[in-house]
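See below for the structure under consideration.
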Amino acid sequence: MREAPENSVHPLTRAAWREWLEEHHARAEGVWLVSYKVASGKPRFTYEESVEEALCFGWIDSKGNKLDDERSLLWFAPRKARTGWSKPNKERVERLVAAGLMRPAGQAKVDAARQDGSWSALDAVEALEIPPDLAVALAAYSQAAAHFDAFPRSAKRGILEWIVSAKTPATRAKRIAETARLAEENKRANQWRQ
């Protein structure tokens, strides 16, 4: 068995994970959540449960890794301000609020997101709405729009989120140009960057 990273926690139950978050949610840095895999037969709680508890405290999951044959790692950290909220996470939050499980730190992140617009920033992405500037760029090529339309939903969503999340107009324009150019070649932009 490999040793878990220094910055990790291994609660065996959802309640223990919630307890850890209650005590540590105000810290600035994230943590690796160590979990037993289903096949190990050892005590564990689900991915869904781990994400729900994190959302209650204003945290979010990110990248996952294999630790060893029995355990996996999933990175959790405080949610950054002005980052878009996915539809699944918004649905989770609504359920958690209705169940009375949200904590003040998590509710504060939700309230801030609703106020600054990041709560709805990904709505058009989730609906696969093509922004007008991307539509113009795709139309400049003979096959780009048709190829883009034929990409799998998950690929289109990833590309659209990549474009929408650009921090500057110049970066957005560059990403749109790359998307259109590659779509003409029936290639997907933003692959292997996430």
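Quick notes
- The helix-only estimate of mean residue ellipticity at 222 nm for the chain, built from DSSP H runs of length n ≥ 4 each weighted as -39500 (n - 2.57), is -14000 deg cm²/dmol after division by the residue total.
- When +1 charges are put on Lys and Arg Cβ atoms and -1 charges on Asp and Glu Cβ atoms, the dipole computed for the range 8-116 relative to its Cα centre reaches about 260 debye.
- In this structure, the residue pairs whose Cα-Cα separation is over 31 Å, taken from Lys37/Lys174; Lys80/Lys174; Lys63/Lys174; Lys63/Lys109; Lys37/Lys167, are Lys37/Lys174; Lys37/Lys167.
- Residue-count net charge about Met1 - beta-carbon cut-off 12 Å; Lys, Arg +1, Asp, Glu -1: -1
- Using Cβ point charges alone (K and R +1, D and E -1), the dipole size of the chain about the Cα centre works out to roughly 300 debye.
- Farthest toward positive dipole pole in the chain [+1 Lys/Arg, -1 Asp/Glu at C-beta], among His147, Met1, Gly106: His147
- Three-way shape call for the chain based on the alpha-carbon gyration tensor, with the a/c threshold at 1.5: prolate
Readers should treat all values here as calculations from the given coordinates under stated rules, not as data from a laboratory. Everything numeric in this text was worked out from a predicted model, so none of it was measured. Reconstructed Cβ throughout: ideal geometry from the backbone, glycine too, with neighbour counts over all protein chains shown.
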